[in-house]
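The values are calculated or read from the model by the stated rules, or taken from the named source; none is laboratory data. Quick caveat: nothing in here was measured; it's all calculated off a predicted structure. Because the Cβ atoms are built from the backbone with ideal geometry, glycine has one as well, and the counts that use them run over all protein chains shown. Accessible surface areas use protein heavy atoms only, side chains included; no ligands, DNA or RNA. Shrake-Rupley method; radii C 1.70, N 1.55, O 1.52, S 1.80 Å.
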Amino acid sequence: MKRNVLVYGLISGVCVATFMAASIEYCYNKDSFEGSMLLGYAAMLLSFSLIFVGVKNYRDKYNGGVISFGKAFLMSLYMALIASTLYVLGWMIAYYNFFPDFIDKLAAYQLSPAKTSQMSAEQVTAVRQQIDMFREWYSSWIGVAGATYMEILPVGLLVAIVTALVLKRKMPKLE
């Protein structure tokens, strides 16, 4: 079980960190973050699909086709934690070494005349407050890590629950 958790968690983490770095690079090159949130969460779900594969592989090859909800959930959760940690570490490396102006670029995009002309004054104020909150979080490495975990971990938790629900299988009753 530990091997499956480690292997599939690491592969999932490398995939999601790679997708993240590539999508940020793409946004920087086109100087727009349009659609980046949708792309990012789609990449997370695609990468986290390996969690499902890892639990199914364990259930079918090593556990006789049987797994409880609890065991499937724990395996999934551990894989999600490994993948999320690689994502956070990948983002911290990328942020501090390649994208240190990320918050400034995001703020410029979110508060561009094209975006703000479609918003009410209250919406613009809310965006400014959100950007200020991100700036505060990003003033320390702990804030960067925490904000990044808050971005990915809920998705991993959701995938863990769905995986456990779908893959749980009880031992057939003997008659």
Name every residue in segment 60-74 that is open to solvent by 70 Å² or more (accessible area, probe 1.4 Å) and within 17 Å of LEU6 (Cα to Cα), in order of residue number. LYS61, TYR62, LYS71, LEU74
For LEU6: the one exception among (1) within 18 Å of the chain's Cα centre (by Cα); (2) under 20 Å from ASN97 (Cα atoms); (3) part of a helix (DSSP H, G or I): (2)
Show the residue pairs that are 6+ apart or on different chains and have beta-carbon atoms under 9 Å apart, the first residue being within segment 28-46 and farther than 15 Å from VAL16 by Cβ and of a type outside the set (A, V, I, L, M), the second being open to solvent by 40 Å² or more (accessible area, probe 1.4 Å) and part of a helix (DSSP H, G or I). TYR28/LYS105; ASP31/LYS105; ASP31/ALA108; PHE33/LYS105; PHE33/GLN110
Would you check if there is a residue in segment 71-80 being out of contact with any Asp or Glu (no Cβ under 8 Å at 6 or more places or on another chain), polar (S, T, N, Q) and not in a helix (DSSP H, G or I)? no
Which residue pairs have Cβ atoms closer than 9 Å, lie 6 or more positions apart in sequence or on different chains, and pair a first residue in segment 135-148 that is farther than 13 Å from PHE102 by Cβ with a second residue that is hydroxyl-bearing (Ser, Thr, Tyr)? TRP141/TYR96
Take the conditions farther than 15 Å from ALA160 by Cα, open to solvent by 70 Å² or more (accessible area, probe 1.4 Å), modelled with pLDDT under 95 and out of contact with any Cys (no Cβ under 6 Å at 6 or more places or on another chain) and apply them to ASP101. Does it pass? no
Restricting attention to segment 160-175, does a residue exist that is over 24 Å from TRP91 (Cβ atoms), without any contact (Cβ under 8 Å) to a residue 40 or more places away in the chain and among the basic types (Lys, Arg)? yes
If you check ASN57, ASN29, which single one turns out to be assigned to a helix (DSSP H, G or I), among the polar types (S, T, N, Q) and surrounded by 13 or more Cβ atoms within 10 Å (Cβ to Cβ)? ASN57
Being open to solvent by 60 Å² or more (accessible area, probe 1.4 Å), hydroxyl-bearing (Ser, Thr, Tyr) and within 30 Å of MET75 (Cβ to Cβ) is the requirement here; does TYR96 meet it? no
